[in-house]
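Participant: Mind having a look at this structure? Questions to follow.
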Amino acid sequence: MTGETRLVLRPAARVRRATLIVAVVFGLVSLSPAAALGGVSALLVTVAVETVLGVLLWVRVSRVRLVVTERQIEHVGVLRRRVRPRSDATHVVRATLVPPRGLPFPAVFVLDAGGAVIVRLNDGTYTRRDMDRLTDHLGLSWVGPDGPVSARRLAETHPGIVPFFEARPMVTGFMTAAALVLVLMAASMISLLL
């Protein structure tokens, strides 16, 4: 790569549109029950909450981006900004992940020498063309399974590439349910003591 070439990737236009449409529809649908059940005060609170949520969603779709330069890989999220030296990126893993429920989707993982994920792009947020552009722009070798795989299977071949909750959704669900039951039991015990 010569000169200071930058690659800037933003969420796909369809994602930005869908996010805003969902926010508007949810806001409009929740206004009528709020007004009918709680009157003007509930309507005003609902409008305020919907406005805050709408602003947060707008920030999400307008702020999130990935910038790759000669020197660094910068991933700007809603709440944080991560910058890593580009030299840390050693290889790319491309895979089509099959979730427990839903349709398979392509994903690209940029990894460092230790196998830690520097950045991950999913087809749900970025276009396939953008994922191809990232892979081409980095100029790194890439590997991946021949066909669609579960997150757990990908984690077996590339440890640490997906978070625990994604690799083991059933265990995560049971742990969450158990924690919720414990919290509810503790709340019940406290309310009985008071």
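The values are calculated or read from the model by the stated rules, or taken from the named source; none is laboratory data. Just so it is clear, the model here is predicted, and its values are computed rather than measured. Virtual Cβ from ideal backbone geometry, glycine too; neighbours counted across all protein chains shown.
Participant: Read through the list (1) modelled with pLDDT of 85 or more; (2) farther than 30 Å from V119 by Cα; (3) among the hydroxyl-bearing types (S, T, Y), then give the number of the only condition that S41 fails.
Facilitator: (1)
Participant: For G27, state whether it is under 22 Å from the mean Cα position of the chain (by Cα), in a helix (DSSP H, G or I) and surrounded by 12 or more Cβ atoms within 10 Å (Cβ to Cβ).
Facilitator: Spelling it out, it is not the case that G27 is under 22 Å from the mean Cα position of the chain (by Cα), in a helix (DSSP H, G or I) and surrounded by 12 or more Cβ atoms within 10 Å (Cβ to Cβ).
Participant: Identify, please: which residue in segment 158-194 is among the polar types (S, T, N, Q) and surrounded by 10 or more Cβ atoms within 10 Å (Cβ to Cβ) and is, among those, nearest to V110 (Cα to Cα)?
Facilitator: T172
Participant: Let me ask something additional. Is at least one residue of segment 119-129 of a type in the set (A, V, I, L, M, F, W, C) and over 24 Å from A18 (Cα atoms)?
Facilitator: no
Participant: Also, I was wondering about something else. Given the condition under 23 Å from R17 (Cβ atoms) and among the aliphatic types (A, V, I, L, M), answer yes or no: does some residue in segment 83-98 qualify? Full working, then the answer.
Facilitator: To start, the set of residues in segment 83-98 that are under 23 Å from R17 (Cβ atoms) comprises none.
Checked segment 83-98: no residue is under 23 Å from R17 (Cβ atoms) and among the aliphatic types (A, V, I, L, M).
Participant: Looking only at segment 59-69, decide whether some residue is touching a Pro at 6+ places or on another chain (Cβ under 7 Å) and not in a helix (DSSP H, G or I).
Facilitator: Yes, some residue in segment 59-69 is touching a Pro at 6+ places or on another chain (Cβ under 7 Å) and not in a helix (DSSP H, G or I).
Participant: It is to be established whether one or more residues within segment 44-57 are aliphatic (A, V, I, L, M) and closer than 20 Å to W142 by Cβ.
Facilitator: Just the residues of segment 44-57 that are aliphatic (A, V, I, L, M), to begin with: 44-45, 47-49, 52-53, 55-57.
Next, only the ones that are closer than 20 Å to W142 by Cβ stay: none.
No, that holds for no residue.
Participant: Now for a different question. Just checking, which of T135, T96, T127, T157 is of a type in the set (S, T, Y), outside the structural domain of L20 (by TED's automatic domain parsing) and touching a Gly at 6+ places or on another chain (Cβ under 8 Å)?
Facilitator: Of the residues listed, the single one that is of a type in the set (S, T, Y), outside the structural domain of L20 (by TED's automatic domain parsing) and touching a Gly at 6+ places or on another chain (Cβ under 8 Å) is T96.
Participant: Please verify whether R82 is over 16 Å from I161 (Cα atoms), in a helix (DSSP H, G or I), basic (K, R) and within 18 Å of the chain's Cα centre (by Cα), treating the condition exactly as stated. Write out each step before concluding.
Facilitator: Working: over 16 Å from I161 (Cα atoms): yes; in a helix (DSSP H, G or I): no; basic (K, R): yes; within 18 Å of the chain's Cα centre (by Cα): yes.
The answer is no for R82.
Participant: Also, I was wondering about something else. I'd like to know if segment 98-105 contains one or more residues that are within 19 Å of V67 (Cα to Cα), out of contact with any helix residue (DSSP H, G or I) (no Cβ under 9 Å at 6 or more places or on another chain) and either in a strand (DSSP E or B) or not hydrophobic (A, V, I, L, M, F, W, C) (or both).
Facilitator: Start the filter on segment 98-105 by keeping residues that are within 19 Å of V67 (Cα to Cα), which leaves none.
No: segment 98-105 contains no residue that is within 19 Å of V67 (Cα to Cα), out of contact with any helix residue (DSSP H, G or I) (no Cβ under 9 Å at 6 or more places or on another chain) and either in a strand (DSSP E or B) or not hydrophobic (A, V, I, L, M, F, W, C) (or both).
Participant: List the pairs whose first member sits in segment 35-55 and is acidic (D, E), whose second member is part of a helix (DSSP H, G or I), and whose Cβ atoms are under 8 Å apart, counting only residues at least 6 apart or on separate chains?
Facilitator: Sorted first by the residue in segment 35-55, then by its partner, the pairs are E50/A23; E50/F26; E50/G27; E50/S30; E50/L31.
Participant: What about T46, is it more than 23 Å from T125 (Cβ to Cβ), of a type in the set (S, T, N, Q), surrounded by 15 or more Cβ atoms within 10 Å (Cβ to Cβ) and modelled with pLDDT of 80 or more?
Facilitator: yes
Participant: Within segment 9-23, restricting attention to residues that are in contact with an Asp or Glu (Cβ under 9 Å, 6 or more places away or on another chain) and not in a loop (DSSP other than H, G, I, E, B), which residue is nearest to L138 (Cα to Cα)?
Facilitator: Restricting to residues being in contact with an Asp or Glu (Cβ under 9 Å, 6 or more places away or on another chain) and not in a loop (DSSP other than H, G, I, E, B), the top hit is L9.
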